[in-house]
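Step one of this worksheet: look at the structure below.
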Amino acid sequence: MTDIAGTTKALSAIFMKELKHYTRYPGNLAFLFAIPFLFTFMLSAMGTFVGGSNAAQYFFQRTGTQNFFVYQILGSAIWIMTWVVIEDLGSALRNEQIKGTLEQNFLAPINRFLLLVGVALAHIVISALIFIGVVFATVLVLQPGSLLSLFLAMLTLILGLTPMFGIAFIFSGFVIRFKEPYAFTQIVNMIFAVLAGTYYPVSVLPSWLQIVSRIIPQTYLIEDMRLIILFNKSLVDLYGHFILLGVMALVYPALGYYFFKRFENRAKVTGDLSKF
Amino acid sequence: MPLVEVQALSKTFETKEGRLFNRVAKKVTALDGVSFTISKGEILGLLGPNGAGKTTMIKMLCTLVQPSSGDAYVNGFSIMKAPGKVRENLGVMLTGERTLYWKLTGKENLEYFAALYHMNREESAKRIEYLLDLVGLKDRADTYVENYSTGMRIRLSFAKALLHDAPVLLFDEPTLGLDPQSSRLIREMILDLRKKGHAILLTTHYMEEADLLSDRVAIIDHGKIIAMAAPSALKQSVKSSDIIEIEARNLQPEIVERLKTFTDIYDAVALFNDSAAHSGVIKIHAEKGKEVLPGILDALVRRDIGVTKVTFIEPTLEDVFIELTGRGLRD
Ligand SMILES: Nc1ncnc2c1ncn2[C@@H]1O[C@H](COP(=O)(O)OP(=O)(O)O)[C@@H](O)[C@H]1O
Ligand SMILES: [Mg+2]
């Protein structure tokens, strides 16, 4: 068999295995669909409580849209999707490390990068499902005019999630080496939620913090989604962000893989590939 | 040219012990300058007690653990320089049942790993059917592994090691914790694989298994190979002593220290049965067994140790180990 055919076959096997595992634990999937709505309801209740009867008016002045719910559900959904991307790759590997199957994968004559990408692709699909289930549903109900822009939004999503995998790769290496799956990701996910403007525009943050926001791909993802869906912006309007995300999509995974390899090499010295 | 050539492999693990702010670095030498070769159609048995370094040896050969020094060649490829090529040439079965996806069926597991070994669809479908039949799981191919028994899981894991028909096979304690029937099946399959020309490295701490399967046995203790030869030659080397095996109740470990003070006794070890804590056997290597026996029995009776059976036995590989280390394989 040729190298390319063999590689494709291995990649699709890893991808399918990962998806099968997802569907064989259905509770988790249900949770992922519910969370964005719950957060959005909580936030909108908070908003009304704090802002009183002027809340909606004030929101409009700050954001330029009256569609509070769509605005927040976009933030919520993207937050959950990046959470899936960052955490699930590492915790999938961590689970395999505990179960003993990680070593079995590492015994095969395949590149580790293939393994990461295979798992990552499965999580892109999961994220896309969340996006379709949560965002499509919301937009169709609350803002049916934006149906077309949803497809553009979907493209943005794939582009914006790719650099997030760079961060996921680092985390995967971290997990294999230090075996603490959640200490790292939970902190990172919370920080990202604050800095990326999940429930407010990034401009409300202190200006020095906004600099940090600008290196997080999630920030652009959320902003662009809102511009596309709520303000009918097109690719042409957003090309600057697209180029930036494109560069990040190349650089971040490469950097992430570099760190992953370093952690993995270290784990081979300490014999940590199978430890729990 | 041998299919496996191990050259002075060593591994020292560095671990940290103690509490958060009071950590001390500790070094454990798991393997210390081990060398051996295995030819086509040969089984080398690596026999040693728990913690001897057997698993570390296997994991270094299959590139999961980085050696501290030395090198090894698998079908001519260096584990240091060409780990990918080494993995292509190896079929590996690690210890235990946690080597499979429990949420996939037996067949799905094999299909998954076949893809990782770049086998094409027709090739792998045929091979998987053959292997499932071989290990007696044909009827359970579509059952989730979580619903398998331990024996079934280990047999599936064995089949997985044979998937891509690699020239070199590594089995790490393949029958550990297995029922007698599954053990026998696996041992027979290993002998068949030798006939087919595979070079096989098998680790075990069961002396009978090493004896039965190996062309040569390497006895390993504290990370070093302390003897390596055909099982018969190893056993021949202890023929000069008489070996007495005494089955006893109320066995106390201190008794062996007393017995060792007898001038004609070279070695004495107490081996406890797993099931009942205070019963087991005492093995004694002595110059003239019949002459020291009365003195031995007297010493046992004085300590209230209940002797149930005394036998003079032919040396086993465990006796070789006792002669070399003064300890039993099981303790
Ligand atoms: N990853 C590791 N970190 C630290 N020490 C280890 C590690 N793996 C094995 N060891 C130590 O190395 C020695 C040999 O272990 P192992 O190869 O598992 O022995 P065996 O398989 O013969 O029972 C033991 O003392 C064990 O505690
Ligand atoms: Mg072991």
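The values are calculated or read from the model by the stated rules, or taken from the named source; none is laboratory data. Bear in mind that the values here come from a model prediction, so they are computed numbers and not experimental data. Neighbour counts run over all protein chains shown; Cβ positions are idealised from the backbone, glycine included. Heads up: the accessible areas ignore ligands, DNA and RNA and are worked out on the full protein's heavy atoms, side chains in. Shrake-Rupley method; radii C 1.70, N 1.55, O 1.52, S 1.80 Å.
Go through the residues of region B:155-166 one by one and say whether even a single one is closer than 16 Å to B:GLY96 by Cα, of a type in the set (Gly, Ala, Ser), over 18 Å from the mean Cα position of the chain (by Cα) and in the same structural domain as B:GLY84 (by TED's automatic domain parsing). Yes, the conditions are met somewhere in region B:155-166. Pairs are defined by a Cβ separation below 8 Å, a sequence spacing of at least 6 or placement on different chains, a first member in region B:55-67 that is in the same structural domain as B:GLY91 (by TED's automatic domain parsing) and outside any helix (DSSP H, G or I), and a second member that is of a type in the set (S, T, N, Q) and more than 9 Å from ligand 2 (Cβ to nearest atom); the pairs so defined are B:LEU64/A:SER274; B:GLN66/A:ASN265; B:PRO67/B:SER10. Highlighted here are the helices (runs of 4 or more DSSP H) found entirely within region B:200-319 that include at least 2 residues which are over 21 Å from the mean Cα position of the chain (by Cα): B:255-260, B:289-302.
I'm trying to understand the selection: among the residues of region B:219-262, which are closer than 18 Å to B:LEU191 by Cα and either in contact with a strand residue (DSSP E or B) (Cβ under 9 Å, 6 or more places away or on another chain) or within 16 Å of ligand 1 (Cβ to nearest atom) (or both)?
Of region B:219-262, the ones closer than 18 Å to B:LEU191 by Cα are B:230-232.
Of everything in region B:219-262, those that are closer than 18 Å to B:LEU191 by Cα and either in contact with a strand residue (DSSP E or B) (Cβ under 9 Å, 6 or more places away or on another chain) or within 16 Å of ligand 1 (Cβ to nearest atom) (or both) turn out to be B:ALA230, B:PRO231.
Among the criteria (1) surrounded by fewer than 16 Cβ atoms within 10 Å (Cβ to Cβ); (2) within 14 Å of another protein chain (Cβ to nearest Cβ), the one B:GLU129 does not fulfil is (2).
What residue, among those in region B:46-79 that are under 16 Å from B:VAL168 (Cβ atoms) and within 16 Å of ligand 2 (Cβ to nearest atom), is most open to solvent (accessible area, probe 1.4 Å)? Only one residue fits best here, namely B:LYS59.
Looking only at region A:252-276, count how many residues are within 14 Å of another protein chain (Cβ to nearest Cβ) and either touching a His at 6+ places or on another chain (Cβ under 9 Å) or away from ligand 1 (no atom under 16 Å from the Cβ) (or both).
The initial filter retains those residues of region A:252-276 that are within 14 Å of another protein chain (Cβ to nearest Cβ), namely A:261-276.
In the following step, the residues that additionally are either touching a His at 6+ places or on another chain (Cβ under 9 Å) or away from ligand 1 (no atom under 16 Å from the Cβ) (or both) were identified as A:261-262.
Residues in region A:252-276 being within 14 Å of another protein chain (Cβ to nearest Cβ) and either touching a His at 6+ places or on another chain (Cβ under 9 Å) or away from ligand 1 (no atom under 16 Å from the Cβ) (or both): 2 in total.
Filter region A:89-109 down to the residues that are within 11 Å of chain B (Cβ to nearest Cβ) and open to solvent by less than 10 Å² (accessible area, probe 1.4 Å) and list them by number. Let's see the steps before the verdict.
Of all residues in region A:89-109, those within 11 Å of chain B (Cβ to nearest Cβ) come to A:95-109.
Listed by number, the residues that qualify are A:GLN97, A:THR101, A:LEU102, A:GLN104, A:ASN105, A:PHE106, A:LEU107, A:ALA108.
Among the residues of region B:80-96 satisfying the criterion of being in contact (Cβ under 8 Å) with a residue 60 or more places away in the chain and more than 16 Å from ligand 2 (Cβ to nearest atom), which is most open to solvent (accessible area, probe 1.4 Å)? Reasoning before the result, please.
As a first pass, look at region B:80-96 and keep what is in contact (Cβ under 8 Å) with a residue 60 or more places away in the chain: B:88-96.
With the extra rule that they be more than 16 Å from ligand 2 (Cβ to nearest atom), the set shrinks to B:88-91.
Values: B:GLU88: 84, B:ASN89: 20, B:LEU90: 3, B:GLY91: 1 Å².
Per the criteria, the residue is B:GLU88.
When only residues in region A:239-269 that are free of Cβ contacts under 8 Å to residues at least 40 places away in the same chain and open to solvent by less than 50 Å² (accessible area, probe 1.4 Å) count, which is farthest from ligand 2 (Cβ to nearest atom)? Let's see the steps before the verdict.
Start the filter on region A:239-269 by keeping residues that are free of Cβ contacts under 8 Å to residues at least 40 places away in the same chain, which leaves A:239-241, A:243-244, A:247, A:250, A:258, A:265, A:268-269.
Restricting the remaining residues to those that are open to solvent by less than 50 Å² (accessible area, probe 1.4 Å) gives A:240-241, A:268.
Details: A:GLY240: 58, A:HIS241: 54, A:LYS268: 18 Å.
Ranking the qualifying residues of region A:239-269, first place goes to A:GLY240.
Is there a residue in region B:218-231 that is closer than 27 Å to B:SER149 by Cβ and either surrounded by fewer than 22 Cβ atoms within 10 Å (Cβ to Cβ) or modelled with pLDDT of 95 or more (or both)? Checked region B:218-231: no residue is closer than 27 Å to B:SER149 by Cβ and either surrounded by fewer than 22 Cβ atoms within 10 Å (Cβ to Cβ) or modelled with pLDDT of 95 or more (or both). Residue pairs whose Cβ atoms lie under 7 Å apart, sitting 6 or more positions apart in sequence or on different chains, and linking a residue in region B:97-109 that is facing chain A (nearest Cβ under 8 Å) to a partner that is in a loop (DSSP other than H, G, I, E, B), are B:ARG98/A:GLY100; B:THR99/A:GLY100; B:LYS103/A:ARG24.
Checking every residue in region A:218-234 against the condition of being within 14 Å of chain B (Cβ to nearest Cβ) and on the phi > 0 side of the Ramachandran plot gives zero matches.
Residue by residue through region A:137-149, note down the ones that are assigned to a helix (DSSP H, G or I) and surrounded by fewer than 19 Cβ atoms within 10 Å (Cβ to Cβ). Write out each step before concluding.
Of region A:137-149, the ones assigned to a helix (DSSP H, G or I) are A:137-142, A:144-149.
Hits for region A:137-149 are A:ALA137, A:LEU140, A:VAL141, A:LEU142, A:PRO144, A:GLY145, A:LEU147, A:LEU148.
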